[in-house]
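So the structure is just underneath, and the comments pick up after that.
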Amino acid sequence: MSSVSSSAVARNSVLAFGAFGVGTSGYIVAGLLPALTSELHVSATAAAQLVTAFAIAYAVGSPIFAAVTGRWERRTLLVAALAVAGVGNLFAAVAPGYTTLLIARVVTAIGAAVYTPAATAVAAELTTPERRGRAVSLVFGGLTIALIFGVPLGSLISQQLDYQAAFLFVGVLSLVGAAAVQVALPRVSAPPAVSLAERFAVARDKRVIALLVTTVLACLAAFMVYTLVSPVLAATAGITGGTVTVLLFCYGIGGAVGNFLGGRAADRWGARKPLLLVLAGFTVVMVLLPFTSSTVVGAGITLFVWGVANWSFGPPVQHRLIELSPGHAGLSLSLNASAIYLGVGLSGVVGGAVLTSAGAMVLPEVAAVLAAAATLVILFFWGSRKRVVAREKVAV
């Protein structure tokens, strides 16, 4: 039994390494913002649109490519997705200007949009139901490691060299991940064919819709501040340069802790209670951030707690979606991936507008309101356990 468990952990660790590559691809712009603004001669708001381009391409591409590649053997699909992400980052490394860099971000996003939901579904399929939350959190651990090491390291590389070198680094990571998946992961059969009607049926489930709306609001709240964390820290405590890199590291450590706790909590208590607790915690952090981040030490503690709250969110949502659609987990997870990156994409637009019109100090306030709205969605549209069970019995 222990050998089976250890082999599952090994497989999921390889999937997590791939997630590390695509996660760094998605989040790295936050660490590169100063280099991008100075080297491309654009504003912070314009640089943030690189996040928006990636996110919109991810949001649109995830369900489309989930349908197009639905009959692909899973290992082949994962390797191809990582290869596309790697090529996109290499393209970004040689892009001569802002427009071509936007195109490179779209190419990278397509690879990431295919990889993350497929890797999550494979991890869930290759483990037992009682350990599903931990399996999902291990794969998502690759994303948190991207925050801990990938984004700060990319920031450091851009400070010492340039932003192109940072994208080159991420491109190599993704290609190494593709090779690792090819070598270490067994062949995994494609899920059963799914009709368009069945795909829409998953999206019509009110419980799924509530989760997707919650995800959009929560990701919009979190990333509108995270993407523009450099001007926020400059406004709260005058923090710039290498200190921002250290603080991003604190956020990433908190994210790793939160991801672990989120998976454990989902296995033990289900999804609803952990999600309410996480959103409440994030709301409090955002309300207090202008006051708690007035010093470097205070900012480090704040970003750590913020990371815990943000990254406790994903595993319970994924756990619940798999629970609601066990036969079509890949479909619901691809929809959730779209919801995540719709929120991330809107964060660049909304965050840029708030920054331009009201200033960096208002960003956490708006984020707190959005997180409170996400909490209300869960409270009013999730439904009690008794009502959910009653509806399921009626459907049967």
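The values are calculated or read from the model by the stated rules, or taken from the named source; none is laboratory data. Keep in mind it's a predicted model, so treat the numbers as computed, not measured. A quick note on method: Cβ atoms are made from the backbone with ideal geometry, for glycine too, and the neighbour counts reach across all protein chains shown.
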task = Please specify each residue of the range 203-249 satisfying the condition of being within 17 Å of Gly281 (Cα to Cα) and not aliphatic (A, V, I, L, M).
result = Thr214, Thr215, Cys219, Phe223, Tyr226
query = Which pairs have Cβ atoms under 6 Å, sit 6 or more apart or on different chains, and link a residue in the range 215-226 that is within 9 Å of Ala371 (Cβ to Cβ) to one that is of a type outside the set (Val, Ile, Thr) and not in a helix (DSSP H, G or I)?
reply = Ala218/Phe313
query = Quick check: is even one residue across the range 275-287 surrounded by fewer than 21 Cβ atoms within 10 Å (Cβ to Cβ), out of contact with any His (no Cβ under 8 Å at 6 or more places or on another chain) and over 22 Å from Val232 (Cα atoms)?
reply = yes
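Restricting to the range 291-307, name every residue that is crowded, with 24+ Cβ neighbours inside 10 Å and not polar (S, T, N, Q).
Listed by number, the residues that qualify are Ala299, Leu303, Trp306, Gly307.
Could you list, in sequence order, all residues of the range 340-363 that are surrounded by 24 or more Cβ atoms within 10 Å (Cβ to Cβ) and at pLDDT 80 or above? Quick ask: steps written out before the conclusion?
We begin by selecting, within the range 340-363, every residue surrounded by 24 or more Cβ atoms within 10 Å (Cβ to Cβ); these are 340-341, 343-345, 347-348, 351, 363.
Answer for the range 340-363, where residues must be surrounded by 24 or more Cβ atoms within 10 Å (Cβ to Cβ) and at pLDDT 80 or above: Ile340, Gly343, Ser347, Gly351, Leu363.
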remark   = Residue pairs within 9 Å by beta carbon, gap of at least six or interchain, first lying in the range 35-59 and at positive phi, second of a type in the set (Phe, Trp, Tyr) and in a helix (DSSP H, G or I), listed first then second, are His41/Tyr98
message = Any residue that is touching a Pro at 6+ places or on another chain (Cβ under 8 Å), outside any loop (DSSP other than H, G, I, E, B), at pLDDT below 80 and surrounded by fewer than 23 Cβ atoms within 10 Å (Cβ to Cβ) - is there at least one of those in the range 32-53?
response = yes
request  = For the range 73-96, indicate whether the set of residues that are farther than 21 Å from Asp162 by Cα, part of a loop (DSSP other than H, G, I, E, B), out of contact with any helix residue (DSSP H, G or I) (no Cβ under 9 Å at 6 or more places or on another chain) and in contact (Cβ under 8 Å) with a residue 40 or more places away in the chain is non-empty.
outcome  = yes
